[in-house]
Amino acid sequence: MDKFLALKMFVATVDAKGFSQAARNLSVAPSTITRIVDALEAELGTVLLNRSTRQVTVSEAGMTYYVNARKIIDSVLEADELVKDSQEEVSGPLRVTVPMSFGRHVIAPHLGSFLHRHPKLDLDIVLTDDVVDLSTQRIDVSIRLGSVAPMEDLVSRKIGAFKRLVIASSVYIHQYGQPHEPADLLHHQCLRYDYGNSQFMWTFLANKEEQRIPVKGKLKSNNVEVLHQVALGGQGIALLPEWLIRQDVIDGRLMQMLSTYQVSPNSASSAISAIYLPNHRGSKRTSAFIDFVTHLLKSDPQ
């Protein structure tokens, strides 16, 4: 039995929570994985996976084995990366995740030049606002916006920051007026970004005094582009990233308000970070993409 292949298939089954999905991920027949995992269990003399007609679960012994098998596989992959990265050119597969709107508006317009610079790179870019598991999803780099909780098994590197602006269309301002201080927002329709909790606080800072305003409105969304379009339609005041609405402000489609206040002064909430696994620390491909985004943010301040 090819022990490394057996470890790889066992780990893939645990990650995928089943033989069928693991087989699809590895492009093999489910029967192949079942046969090899059965042989692995027979060699070890213990049950690693509990099977039923509906699901596959990991036994206690299986979880212990999985943790160590994962380390072995990651070590081999890291060794492969080091050899590949010893080559002069950046080449091979690179899988990254980027927040949806940020990816479309900031990253996508410049991807052509990045690929032109690295013609031997095989880039897979996934646009998602979800926090993904880098290990199970085989992600090399994840670009994230806002606060990032400390993670023992991941490396987090701040590569930039962005500003948020309070904006509304001239149609809305003509009909309802504009706020002159943060507290005035309590009397306006605010288009709120949904962070997944019940609190909708907009924070302002002026003269070392912080104000937290519990804004209200008829619309909330977990996508800034939805709020952007509704704001353009004159239906409320929004707090949006500058990279999304800068051109609208320049062209007069949206008007900035409360500009004398520092909006969202917590630097962590405005951070742009690159997240990656420790064994990708020395990867040329990982470094190339992080350097690309970092340079992009510096040359086009957000």
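Some points to look at:
- Consider the range 255-291 and keep the residues that are among the polar types (S, T, N, Q) and closer than 19 Å to GLN137 by Cβ. The one that is modelled with the highest pLDDT is SER273.
- Within the range 19-41, no residue satisfies the criterion of being buried (at least 19 other Cβ atoms within 10 Å of the Cβ) and assigned to a loop (DSSP other than H, G, I, E, B).
- Failed criterion for ARG70 (all others in (1) at pLDDT below 90; (2) in contact with a Phe, Trp or Tyr (Cβ under 8 Å, 6 or more places away or on another chain) hold): (2)
- Scan of the range 264-287 for residues that are surrounded by fewer than 18 Cβ atoms within 10 Å (Cβ to Cβ) and either under 28 Å from SER169 (Cβ atoms) or aliphatic (A, V, I, L, M) (or both), ordered by number: PRO265, ASN266, ALA268, SER269
- GLY103 being modelled with pLDDT of 90 or more, out of contact with any Asp or Glu (no Cβ under 7 Å at 6 or more places or on another chain) and either part of a loop (DSSP other than H, G, I, E, B) or buried (at least 17 other Cβ atoms within 10 Å of the Cβ) (or both): yes
- Among the residues of the range 1-18, those that are part of a loop (DSSP other than H, G, I, E, B) and out of contact with any strand residue (DSSP E or B) (no Cβ under 6 Å at 6 or more places or on another chain) comprise MET1, ASP2, LYS17.
The values are calculated or read from the model by the stated rules, or taken from the named source; none is laboratory data. The structure presented is a predicted model; accordingly, all values stated were derived computationally and were not measured. Backbone-built Cβ (ideal geometry, glycine too); neighbour counts: all protein chains shown.
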